[in-house]
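Read the structure below first, then the notes.
Please treat every number below as a calculation from the coordinates, not as lab data. Source: prediction; values computed, not measured. Cβ coordinates were reconstructed from backbone atoms using ideal geometry, including for glycine residues, and neighbour counts include every protein chain displayed.
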Amino acid sequence: MPTFQSRKQNFETVKNNIFDLIIIGGGIVGAGTARDAALRGLKVALFEKNDFSAGTSSQSTKLIHGGLRYLKNYDFFLVREAALERKKLIEIAPHLCDIRDFIVPNYKWSQDHFLLLRLGLIGYDVLSFPKNLGLHKWYNKNKIEKIEPLIENDELRGAGIIKDVMTNDSRLVIANLQNAATEGASIINYCRVENINKKDEYYDVKIIDLENGDKYSVKTKMVINATGPWSDIVSKKFDAKHNNKLRLTWGAHLVLNKKSGTHPVLIVNKDGRAVFLIPHEKFDIIGTTDIDYKGDPDLIAPTEFDKDYILSSINSILPNNKYSNEDILSAFSGLRPLVLKKTDTSEGKVSRKHLIRVEENGVITAIGGKLTTYRLMAKEIVDKSIKILKLKKSEHKCLTGDYPVFGGDFEYKNKNIYFQNEKNRLEKDFGIDEETSSFIVKQLGSEVKILDPILIQHGVEKISNNNYLLTAMIIYYIQYEFARTPIDILRRRTWIMLEKGNGLNILDQVIDIMTSELNWDDKTKNMMKKRTIDYINNFMKIT
Ligand SMILES: Cc1cc2nc3c(=O)[nH]c(=O)nc-3n(C[C@H](O)[C@H](O)[C@H](O)COP(=O)(O)OP(=O)(O)OC[C@H]3O[C@@H](n4cnc5c(N)ncnc54)[C@H](O)[C@@H]3O)c2cc1C
């Protein structure tokens, strides 16, 4: 059974050690880099000022995809790189990958003639070779309306069907961090990097524990700035003359009452922008907008404009299945940390290519990229670090493509059998019902047994009669997934906050369990409740 250091133990470790790498930022890029470096035997610490994945990495469309729409920008290299990487992620994180048939409809009014779309689909197949998940198909109007009646529309010409992957962005971050932690990395959330100074051969990194205000100074040979949308702000902490390298574009999603079938749909809107309709078990996610943003990355929240744009886009092509304001359960938005180019292109056309820069003082900064390509970004960062640290490459090879992330230790093709066996076991050994066991198995993958001792100690009591969350799962999130606040549990370890009611009906119970696990006093309990309600009102609802 893997063991994880407590937050307190992690602070003791960072106080008393010199690190090879300190990573700033616990989004997917930081998490992937921590895993890669720890697997190569480097001494690693990662600091995240909020919760892990609280930045862009919980606000994505949650797809592992080549990015069919980037073909229109002639971004062939990016599409190929992402399409090949998609297959690798299915191998190393099968529990977090769900291969689906995506529908790409073409209408009489579509900007692209259907022959051009068909050419694009062939190109997507070719660029995915030899790691295709299956070649595309083309269905006429009648056939497509049969498999997905939702998209019935007089103006529909036909549709392509391509295979791509749905994922859970936050849990992919956590699975990478769990893996890094089991390999000895010190991983701390709610801990902000305040300053970085180079002193002789080491960097002196000043951090603050945001739970109690304690400050520490940590020594390291290298620093990685993996702060995504915050990377220019962080770069200015060690280089006052830093010129901005980022172009931030904001994208929002609506979470709506479920009307869809089982097929995700990629629609190219009348204005040429792509809108995804992604069907999840309990809701549909639709997005996204793509608009330049120059404000504070901490204050990004969905707006009335996002709501109107997304609803009108989707409703214009679903005449029989219109979504209304009343269908909105929640909303979320994030910032794409794209690479700033001198030439002026519209937001949707900015390349998603990544850039790994070694700054003048030796700090490595990562920007751009996609959730899908995080492992490649991490590899490039650690390869560069190995070189700068003058370590032997042959003794520190990248292993992230060969080992599963935490929970991913089975083959995708055996997933259904594996899940069924584990569900049967949870039902037989603990009497856990189908909905709850299915939820647990999908979340924990090959590590379900970690939960056994917690179930034995705390029982199988549900947090409330009409919820699938067990008290034991909350304890698990605290002990094994670094959860520190109710928002961590309701928004990122689970998606309960996206669902109807935003989890408010179980908030008191979550806080009570966290209180006994984390020894909160009354002041902390009240603060946590207020903070959660404020978060829902300010960031999960349309203002
Ligand atoms: C709307 C939208 C949809 C998208 N959909 C997809 C998709 O479907 N598929 C795909 O492949 N990609 C998608 N992307 C892109 C993908 O989500 C991002 O490229 C990726 O999540 C960026 O990760 P990151 O680690 O660079 O940044 P982040 O996830 O933002 O992580 C940076 C972290 O740094 C922390 N930080 C900042 N300052 C400090 C400090 N001083 N000290 C400590 N920590 C600090 C922040 O709190 C933050 O958590 C989407 C992006 C957007 C915006």
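Which one of ASN142, ASN132, ASN106 is of a type in the set (S, T, N, Q), part of a helix (DSSP H, G or I) and on the phi < 0 side of the Ramachandran plot? Talk me through it step by step, then tell me what you get.
Details: ASN132 fails: part of a helix (DSSP H, G or I); ASN106 fails: part of a helix (DSSP H, G or I).
None of the other options fit; the residue is ASN142.
If you take the residues in the stretch 207-224 that are part of a strand (DSSP E or B) and near the ligand (Cβ under 10 Å from one of its atoms), which one is surrounded by the most Cβ atoms within 10 Å (Cβ to Cβ)? It would help to see each step written out before you state the result.
Narrowing the stretch 207-224 to residues part of a strand (DSSP E or B): 207-209, 215-224.
Subsequent filtering for residues that are near the ligand (Cβ under 10 Å from one of its atoms) retains 207-208.
Details: ILE207: 23, ILE208: 18.
The residue in question is ILE207.
Whether any residue in the stretch 187-204 is assigned to a loop (DSSP other than H, G, I, E, B), within 11 Å of the ligand (Cβ to nearest atom) and out of contact with any helix residue (DSSP H, G or I) (no Cβ under 6 Å at 6 or more places or on another chain) is what I want to check. Please lay out each step first, then the result.
Taking the stretch 187-204 as the starting set, the residues that turn out to be assigned to a loop (DSSP other than H, G, I, E, B) are 189-190, 200-201.
Narrowing further to those that are within 11 Å of the ligand (Cβ to nearest atom): 189-190.
Restricting the remaining residues to those that are out of contact with any helix residue (DSSP H, G or I) (no Cβ under 6 Å at 6 or more places or on another chain) gives 189-190.
Yes; the residues of the stretch 187-204 include at least one that is assigned to a loop (DSSP other than H, G, I, E, B), within 11 Å of the ligand (Cβ to nearest atom) and out of contact with any helix residue (DSSP H, G or I) (no Cβ under 6 Å at 6 or more places or on another chain).
Restricting to the stretch 267-284, give me the number of residues that are within 13 Å of the ligand (Cβ to nearest atom) and either out of contact with any Pro (no Cβ under 8 Å at 6 or more places or on another chain) or of a type in the set (Lys, Arg) (or both).
Matching residues across the stretch 267-284 total 3.
Which condition from (1) buried (at least 21 other Cβ atoms within 10 Å of the Cβ); (2) part of a strand (DSSP E or B) is the one that SER235 breaks?
SER235 satisfies all of (1) buried (at least 21 other Cβ atoms within 10 Å of the Cβ); (2) part of a strand (DSSP E or B) except (2).
Tell me the residue from LYS370, LYS384, LYS397 that is touching a helix residue (DSSP H, G or I) at 6+ places or on another chain (Cβ under 7 Å) and either of a type in the set (S, T, N, Q) or under 25 Å from ASN225 (Cβ atoms) (or both), please.
Values: LYS384 fails: touching a helix residue (DSSP H, G or I) at 6+ places or on another chain (Cβ under 7 Å); LYS397 fails: touching a helix residue (DSSP H, G or I) at 6+ places or on another chain (Cβ under 7 Å).
Testing whether each residue is touching a helix residue (DSSP H, G or I) at 6+ places or on another chain (Cβ under 7 Å) and either of a type in the set (S, T, N, Q) or under 25 Å from ASN225 (Cβ atoms) (or both) leaves just LYS370.
If we keep just the residues of the stretch 47-86 that are of a type in the set (A, V, I, L, M, F, W, C), more than 9 Å from the ligand (Cβ to nearest atom) and within 21 Å of the chain's Cα centre (by Cα), which is farthest from PRO337 (Cα to Cα)? Please lay out each step first, then the result.
First pass over the stretch 47-86, keeping only residues of a type in the set (A, V, I, L, M, F, W, C): 47, 52, 54, 63-64, 68, 71, 76-79, 82-84.
Then keep just the ones that are more than 9 Å from the ligand (Cβ to nearest atom); that gives 68, 71, 76-79, 83-84.
Cutting the leftovers down to within 21 Å of the chain's Cα centre (by Cα) gives us 68, 78-79, 83-84.
Numbers: LEU68: 20, LEU78: 16, VAL79: 18, ALA83: 21, LEU84: 22 Å.
Result: LEU84.
Scan the stretch 513-526 and give yes if some residue there is within 21 Å of ASP298 (Cα to Cα) and among the hydrophobic types (A, V, I, L, M, F, W, C), otherwise no.
Residues of the stretch 513-526 within 21 Å of ASP298 (Cα to Cα): none.
No, every residue in the stretch 513-526 fails to be within 21 Å of ASP298 (Cα to Cα) and among the hydrophobic types (A, V, I, L, M, F, W, C).
Can you report the number of residues in the stretch 292-306 which are surrounded by fewer than 17 Cβ atoms within 10 Å (Cβ to Cβ) and within 11 Å of the ligand (Cβ to nearest atom)?
Selection size over the stretch 292-306: 1.
Could you grab me the full set of residues in the stretch 25-46 that are in contact with a Phe, Trp or Tyr (Cβ under 6 Å, 6 or more places away or on another chain), within 10 Å of the ligand (Cβ to nearest atom) and not in a helix (DSSP H, G or I)? Please lay out each step first, then the result.
So the first thing to find is which residues in the stretch 25-46 are in contact with a Phe, Trp or Tyr (Cβ under 6 Å, 6 or more places away or on another chain), and the list is 26, 28-29, 32, 43, 45.
Checking the rest, the ones that are also within 10 Å of the ligand (Cβ to nearest atom) come to 26, 28-29, 32.
Passing the criteria: only GLY26.
Which pairs turn up if I take residues in the stretch 395-419 that are over 20 Å from GLU85 (Cα atoms) and look for partners that are surrounded by fewer than 18 Cβ atoms within 10 Å (Cβ to Cβ) with beta carbon separation below 7 Å, at least 6 apart in sequence or on another chain?
Filtered contacts from the stretch 395-419: HIS396/GLY41; TYR418/PHE410.
Looking at the stretch 401-415, is at least one residue surrounded by 15 or more Cβ atoms within 10 Å (Cβ to Cβ), under 21 Å from ASP164 (Cα atoms) and among the hydrophobic types (A, V, I, L, M, F, W, C)?
Looking for residues that are surrounded by 15 or more Cβ atoms within 10 Å (Cβ to Cβ), under 21 Å from ASP164 (Cα atoms) and among the hydrophobic types (A, V, I, L, M, F, W, C), one finds at least one in the stretch 401-415, hence yes.
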